[in-house]
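Below is one structure, written out as structure tokens; comments come after it.
The values are calculated or read from the model by the stated rules, or taken from the named source; none is laboratory data. Quick caveat, the model's predicted, so the values are computed rather than measured. Note that each Cβ is placed from the backbone with ideal geometry, even for glycine, and that neighbours are counted across all protein chains shown. The area values use the complete protein model at the heavy-atom level, side chains included, leaving out ligands, DNA and RNA. Shrake-Rupley method; radii C 1.70, N 1.55, O 1.52, S 1.80 Å.
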Amino acid sequence: MFFAKGYTKGSSRVFKILLLILTSVFVIKVIYTLDAPSILPDWNNNVNGLTLFETPTEVTFECKAGGFLRIEDNENKVLLDNTVRNISRYSTVIYSNSIFKALCIDELLITKTSIIIANYTISLSKPSSPTLQPEGNENDIYLYRDPIFLVLNYTRDTNDAYASYEVRYSTWKGDNVDYETSTLYMFPVTINKKGSYTYVSARTFKIYPNGLRLASELVSQKYYLMKQCGQPVPNIKPGKYIDSSVTISFTKESSDSSDSTAKISIYVDDKKLENNNDKVSIPNDDKVHVVNAFIEGNNCTKSEIFTGEYTMELDLKTPTFNPPPELEGDNGFYAEVTISIECPLHSNVKAWFQGSSSLINCTSNICNVTIKDRSRIIASCLSLDESRSGGSILKEYKIYHISKPTISPEPKENVGPLNVDLTCSPSETCHILYTFDEDVEILPETEGVFDVQSNITLTISNPGVTLVRAVSFDPDFEEKSPEVSSRYYITGTLPQPVVSVKPDLNLNETIETKIFINTAVLNFDFQQVPSVAGNVLIINQDGTTEQNSKLTPFSLVLEQNCTVKINFTKLHYLPSSEYSYSIHMIKIATNPPFTFPSIPIVLTSELVAALMKAEIVVLIVALVFLSSLIVAVVLVIILKKYFKKKQEAQIRKFDLRFEEVELQQLNANEDDLFEEEDNQLV
């Protein structure tokens, strides 16, 4: 009874609270009303029901008296929904036909207005076509002679605040000037192609922030630049001309040769030549002359200007030395030498010793100088007015005071060893330094340099080229003579090759008389000459041949009757004579070991996959068997321990029983003993 009474009181209290809330909501909804949203600009002008907008339009939505907006567009795209609160004013720019649905709602999402549908019609206008300045010259090809700088202008729609403008163009004939493939106009377009038409097409593009692009009508013009005259061609190229005058003739290119109005104008050192007949002569006056020439006519524009520098120079050759240092090669002169330095007649000799600041006294085009020691002389030819100097030349003269030795014989080729004699001058004490090295400097106590104090005969025996270099030497003054040298080419002869066979030859047997069984092995070598090339020809009994080359030592394995012919060669050696060997052989059949027949198996992809699966199965079976074996071993160990413990327990139990039996027997014996004693006493 108590619980029922409490339940009734609680239910009544909840009902009263709900009734109070519903009443409050109803009162608020009745009292708090909202107006429909306002939408500007007005889309309805009562003419066919819609207003036509020709530019992008900003649409503004607004709720009054504390209402908040909810908006959808014609694509059912929600612009403002319940997740966006406290927005009572909203603006957006539209670029095409658009329909909006809008209403106002209170903050508690209880009261909302009716839905307003706004329908906007947008018709954007195309931009005007650009203008091209200057205009094309389709009908007057002689109108333009110089390059054209084409300017493209466009007109901006001042009522359209949202549009930006671009002018794009193309110089391809018939191009439609698409936005993606055309060129953006930023600077004047240069037209410099001469002798043919250049086509220019252009459009104006109106571009909006949303990416919309509107293109104007295509405008096209074509331009023709008068062709340029060809550059005149001289018959003599610009450059330096020494001791001669030149006459330059200019010719027209083949395209201008028939145009009688095309004339060649020639300027020399900025002075025009009148009545030049397309020629100009330049004297040899030791000056530099600049020649300019161009062609101009009524049917072509001025050609590119030919400019050339012609340097007319009197020749100041390098002086000549007599005798020249090369007269004795690199060996120099003995004791002293008087040389004559000579320049052309119209110049003087200017000469000095290298390292000296003073000039040699030379007052004409010939200067004589006596040299007693090793010297380097630098000389050049100087013009008489000393304004120009020819090229300088350096000559080195070597003066020796010791006679050079003689080498005999002269350089030659020889087969086999050759004796070479080194001989001193009879008037001097003999002291010779010699070497076979081409790069070493011949000085005493130098590696590779040999020192002898008498005439000597050298035996040259190494095949190939041997260089012998020698000087006479005075150890007191540490001075040596000019160097002498000779080259000798020695051709060697090959010895007899060392030939052995396997199996070995018996007594009194030769290779030709030995009968080989199944196989013969021939070994070839030269004991004192390494790596001799052997050209081997094997002629088999059936007529087939085998040919190859080998380097000694080498072996030949032969398995049938044949004839072996070998020629040996080596660089710097005479070829050997031909060696021939006849091989006689008996073939004895041997029983081959028994082999099981084999069946070729082709490993296809399917067979490989099957083998892999079989391998996996075998592996799994092996693992299962191994795990079973381990389990069995563990069970055996456990059972063994179990039975052992059980046996020990039985043994302990048996021992206890045995002790009890013994104790009973002992007690029985004692009772029998007491009974006997009692009987005796009785």
Would you report the distance distribution of C-alpha pairs in region 197-312 as whole percents per 5 angstrom bin, up to the bin with the largest distance? 2, 10, 16, 15, 11, 8, 6, 5, 5, 5, 5, 5, 4, 2, 1, 0
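Which value, in Å³ per residue, describes the convex hull spanned by the Cα atoms of region 416-481?
Working: hull volume 5.6 nm³, N = 66.
Cα convex hull per residue, to the nearest whole number: 85 Å³.
Which order, highest average first, do 244-250, 506-512 follow once you tally other Cβ atoms within 10 Å for each residue and take the mean per peptide? Provide the component values of the computation, followed by the final result.
Values: 244-250: 14.9, 506-512: 9.6.
The packing order, highest mean first, is 244-250, 506-512.
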Extent of region 122-203 along each principal axis, from alpha carbon coordinates, in Å, largest to smallest? 49, 24, 22
Expressed in angstrom, Rg and Dmax over the Cα atoms of region 356-411 are 17.3, 56
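Tell me which GluC sites (Glu not before Pro) from region 285-364 have a DSSP coil assignment and no more than 14 other beta carbons within 10 Å of their own.
Values: sites: GLU296, GLU304, GLU309, GLU313, GLU326, GLU328, GLU336, GLU342; in loops: GLU304, GLU336.
Those satisfying the criteria are GLU304, GLU336.
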Determine which lysines satisfy two conditions relative to LYS237: a Cα distance under 19 Å, and not lying fewer than 8 residues away in the same chain. LYS252, LYS279, LYS287
Find the Cα radius of gyration of region 155-194, compare it with 2.2 N^0.38 Å by division, and give the number to two decimals. 1.50
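Give the value in nm², to one decimal: projected area of the alpha carbon convex hull of the chain, averaged over all directions. Walk me through the intermediate numbers first.
Details: hull surface 489.8 nm².
Dividing the Cα hull surface by four gives the mean projection, 122.4 nm².
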Given a 1.4 Å probe and the protein chains all in place, what does the accessible area of THR111 round to, in Å² to the nearest 10? 20
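Got a number for carbon plus sulfur as a percent of the chain's accessible area, 1.4 Å probe?
Values: 24340 of 44510 Å².
Roughly 55 percent, rounded to a whole number.
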Heavy atoms of the protein only, probe of 1.4 Å, neighbouring chains included. What is the accessible area of ARG652 in Å², nearest 10? 140
In the chain the cysteines whose Cβ sits 4.7 Å or more from every other Cys Cβ are CYS562
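Could you tell me what fraction of 2.2 N^0.38 Å the Cα radius of gyration of region 58-155 comes to, as a two-decimal ratio?
Here the answer is 2.09, to two decimals.
What order do THR338, THR311 take when sorted by accessible area (1.4 Å probe), most exposed first?
In descending accessible area the options line up as THR338, THR311.
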Calculated over region 537-590: convex hull of Cα atoms, volume per residue (Å³): 93
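So, for the chain, what is the accessible surface per residue at a probe of 1.4 Å, expressed in square angstrom?
Working: 44510 Å² over 682 residues.
About 65 Å² of surface per residue is accessible.
I'd like to know how region 186-245 sits against the 2.2 N^0.38 Å rule of thumb: what's its Cα Rg over that expected value?
2.34
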Would you compute, for the Cα atoms of region 149-266, the largest minus smallest coordinate along each principal axis and list the three values in descending order, in whole Å? 79, 32, 24
With only alpha-carbon atoms in the gyration tensor, what are the semi-axes of the equivalent ellipsoid for region 469-539, in Å, largest first? 55, 14, 9
Divide by every residue of the chain the summed helix terms, -39500 (n - 2.57) for each DSSP H run of at least 4, and state the resulting mean residue ellipticity at 222 nm, rounded to the nearest 500 deg cm²/dmol. -6000 deg cm²/dmol
The value for region 369-520 (convex hull of the alpha-carbon atoms, volume per residue, Å³) is 260
Once region 164-220 is represented by equal point scatterers at the alpha-carbon sites, with solvent omitted, what log10 I(q)/I(0) does the Debye formula produce at q = 0.27 Å⁻¹? -1.15
For ILE266, the residues 5 or more places away or on another chain with a placed amide H closer than 5 Å to its own amide H are LEU273
Once ligands and nucleic acids are excluded and a 1.4 Å probe is used, how much of CYS229 is accessible, expressed in Å² to the nearest 10? 10
Rg and Dmax [Cα atoms of region 259-335; Å; Rg one decimal, Dmax integer]: 24.1, 80
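Tell me which trypsin sites (Lys or Arg not before Pro) from region 150-208 have a DSSP coil assignment and no more than 16 other beta carbons within 10 Å of their own.
Numbers: sites: ARG156, ARG168, LYS173, LYS193, LYS194, ARG203, LYS206; in loops: ARG156, LYS173, LYS193.
Sites meeting the loop and neighbour criteria: ARG156, LYS173, LYS193.
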